[in-house]
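All of the numbers you see were taken from the coordinates with simple rules; none came from a lab. What you are looking at is a predicted structure, and each value in this text was computed from that prediction instead of being measured. We place every Cβ from the backbone using ideal geometry, glycine too, and count neighbours over all the protein chains shown.
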Amino acid sequence: MEVEPVRLAKRLIALTGCSRADAEQYIKGGWVTVDGEPVENPAHPVTNQTVVLDPAARQEASEPATILLHKPAGYDAISGARPAAALVDPSSRWADDPSGVRLLQRHFHRLTPLMPLDAEASGLMVLTQDGRVWRRLSEDRDDIEQEFVVEVGGEIGPWGLAKLQHGLSYGGRALPPCKVSWQNEIRLRFAIKGVQGGQLRDMCAQVGLDVVAIRRIRIGRIALAKMPEGAWRYLPVGERF
């Protein structure tokens, strides 16, 4: 006899006696499996499949996700033919992610990339579902300090470091002061606000240096840390840029 399909939330109510609101929250929170596979859609149709509620299930709202990706060079951060966002899936989550956030399939829907980064550069990239994060990194972008490590070749010109810190122009406009120091013999560290596409490469060229590689290691208070290229982690709840 053919079984009429019902909504997963209705089946869970019948199994556990919980309210409809609780059933939907358990399902959206990733605590319910259908034949062993997590299903996060309360309207998912089920017939005679095995539906199980995790004994550790908790009633908690599913917060919108913010994901921090270590973008490899060669991927487009915001738009382009090779989007870095395509690297973000459950399999590429950093094994040492310290956030404590439970992975949910809904976290991979409607992620908006923020804070532009040149395609040839690598480093920290932000993708979010959270309107609060979007507003902070869009409306206040020019006020948030970013930190870059820039590998260079060539010989720096006279007073080159001082000029990098203040005295150069880009796109026809004088650049505001920034902090630049040598990390070692071939790497410069920039702490800079309002950086534009191609700006770091142009700044280095103006003082006689060729850029070999650029890596963004910090946005505001959030650092790349030791996360490997191509991996991502969650921004922990409560942490701010």
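Brief remarks on what is shown
- Within straight-line reach of residue 10, meaning a Cα separation under 30 Å, sit the following lysines at least 8 residues removed in sequence or on another chain: 28.
- For the chain, with +1 on Lys and Arg beta carbons and -1 on Asp and Glu, the positive-most of 39, 108, 64 along the dipole: 64
- Taking every DSSP beta bridge that has both ends in region 109-241, the antiparallel portion is near 95%.
- Reported label for calculated Rg/Rh (Cα atoms, Kirkwood Rh) given (i) 1.14; (ii) 0.98; (iii) 0.95: (i)
- With Cα atoms defining each centre, region 151-222 and region 84-111 are spaced 32 Å apart in the structure.
- Positive-end residue of 204, 176, 153, charge dipole of region 145-219 with Cβ unit charges: 176
- Structure remark: mean-square fluctuation, Gaussian network model of the chain, C-alpha springs under 10 Å; the largest value among 213, 225, 85 belongs to 225.
- Note on the chain: GNM, Cα springs under 10 Å; of 44, 107, 70, the largest mean-square fluctuation is that of 44.
- Cα-centre dipole for the chain with unit charges at Cβ (Lys and Arg positive, Asp and Glu negative), debye to 20: 520 debye
- With contacts taken as Cα pairs under 8 Å at a separation of at least 6 residues, region 125-181 carries a relative contact order of 19 percent.
- Each Lys or Arg adds one and each Asp or Glu subtracts one; over the other residues with Cβ under 14 Å from the Cβ of residue 141, this totals -1.
- Only the Cβ atoms of Lys and Arg (+1) and of Asp and Glu (-1) were treated as charged; on that basis the dipole of region 6-53 about its Cα centre amounts to roughly 200 debye.
- Once C-alpha pairs closer than 8 Å and six or more residues apart are averaged by separation and normalised to the residue number of the chain, the relative contact order reads 22 percent.
- With at most 10 neighbouring Cβ atoms within 10 Å, loop GluC sites (Glu not before Pro) (DSSP) excluded, longest segment of the chain: 3-154
- Electrostatic tally near residue 239: other residues with Cβ closer than 15 Å to its Cβ, Lys and Arg +1, Asp and Glu -1, net +3.
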